[in-house]
Structure formats: structure tokens, C-alpha cells
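Accompanying notes for the structure given below.
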Amino acid sequence: MVESLIYLTITRPEIAYSVSIVSQFMQCLTNVHLDAAKMILRYVKGSMGHSLCYKKCDDYLLNGFVDADWMGNVNDRHSTLGCCFNMGSAVISRCSKK
């Protein structure tokens with residue numbers, strides 16, 4: 001189930017953080033993690049009619065945003081990096097690395 005959620009983040013970027021947290025526990029899934037995965041699926045099912053709307057822009061400037069959290073995760077003390085690149089009003093690339 002978690003593998004399917006990872007695939008779903010390609011088209012639903014708003015669930016990427018929740019899926020990444022659940023996928024950290026894939027080696028030893030418990031009922032709590034399975035319930036969290038089901039909750040994510042219920043959210044996706046309930047928000048099927050919602051979509052992103054991009055506006056027409058006159059200026060197509062490339063903007064980039066980066067944020068880092070050094071050893072901020074209290075569970076494993078790993079660093080997290082996130083970035084997002086926009087062209088006009090559209091997100092053209094995003095990344096999140098632990």
C-alpha cells in the first residue's frame with residue numbers, strides 16, 4: 001500500500017510529506033502506520049474534485065526556493081532539504097531529500 005502512495009505523490013504533491021513519514025516505517029509497519037496510510041487514501045478519495053489552477057502570466061520568470069533543516073528530526077537526527085522551482089505561476093520542479 002505504501003508503494004502505491006509513493007507513486008500517487010507524482011500527481012498529488014500535497015501528500016508527499018505524509019507519505020514520506022509513513023514510508024520511513026515500511027520495514028516494520030504496525031497498525032498505527034497502516035491506519036495513517038488509510039487516512040491518506042481517505043483524504044485523496046475525498047479531494048478528487050479539487051485541482052490546481054495555474055493563471056496565465058505575462059512574465060515567465062524562473063524562481064527557486066530552498067529550505068534546509070539540519071538534524072531537525074528528533075527520531076533519527078538526519079537533515080532534510082526541500083526545494084521548489086516556479087516558472088510564472090506554475091511549479092515546474094520540486095524536491096525533498098533526507
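Laboratory data are not the source of any read-out in this text; all were calculated from the coordinates shown. This one's a predicted model, so the numbers in the text were calculated from it and none came from an experiment. Positions of Cβ are backbone-derived with ideal geometry, glycine not excepted, and every protein chain shown enters the neighbour counts.
Just a few scattered comments:
- Listed peptides 89-97, 13-21 by packing density, highest first (mean Cβ within 10 Å): 13-21, 89-97
- Within the chain, helix-based [θ] at 222 nm, where runs of 4 or more DSSP H residues each add -39,500 (n - 2.57), nearest 500: -9500 deg cm²/dmol
- Counting only residues at least eight positions apart within a chain, or on another chain, the lysines with an alpha carbon under 30 Å from that of Lys98 are Lys38, Lys45.
- Fully extended contour minus Cα-Cα distance, from Cys83 to Lys97, at 0.36 nm per residue: 4.1 nm
- Label-to-label distance for Ile6 and His50 is 2.5 nm, based on points extended 7 Å past Cα in the beta-carbon direction.
- Gyration tensor verdict on the stretch 1-51 (Cα atoms; rounded if a/c is under 1.5, prolate if a/b is larger than b/c, oblate otherwise): prolate
- Rounded to whole numbers, the Karplus 3J(HN,Hα) couplings from phi for the stretch 81-86 are 10, x, 9, 8, 10, 10 Hz, using 6.51 cos²θ - 1.76 cosθ + 1.60 with θ = phi - 60°, and x at Gly and Pro.
- In loop segments of the stretch 49-90 as defined by DSSP, the chymotrypsin sites (Phe, Trp or Tyr not before Pro) with at most 15 further C-beta atoms inside 10 Å of their C-beta are Tyr54, Tyr60, Trp70.
- Per the Debye calculation on the chain with a single equal scatterer at every Cα and no solvent contribution, log₁₀ I(q)/I(0) for q = 0.19 Å⁻¹ amounts to -1.06.
- More than 12 angstrom apart: percent of Cα pairs within the stretch 55-98: 63
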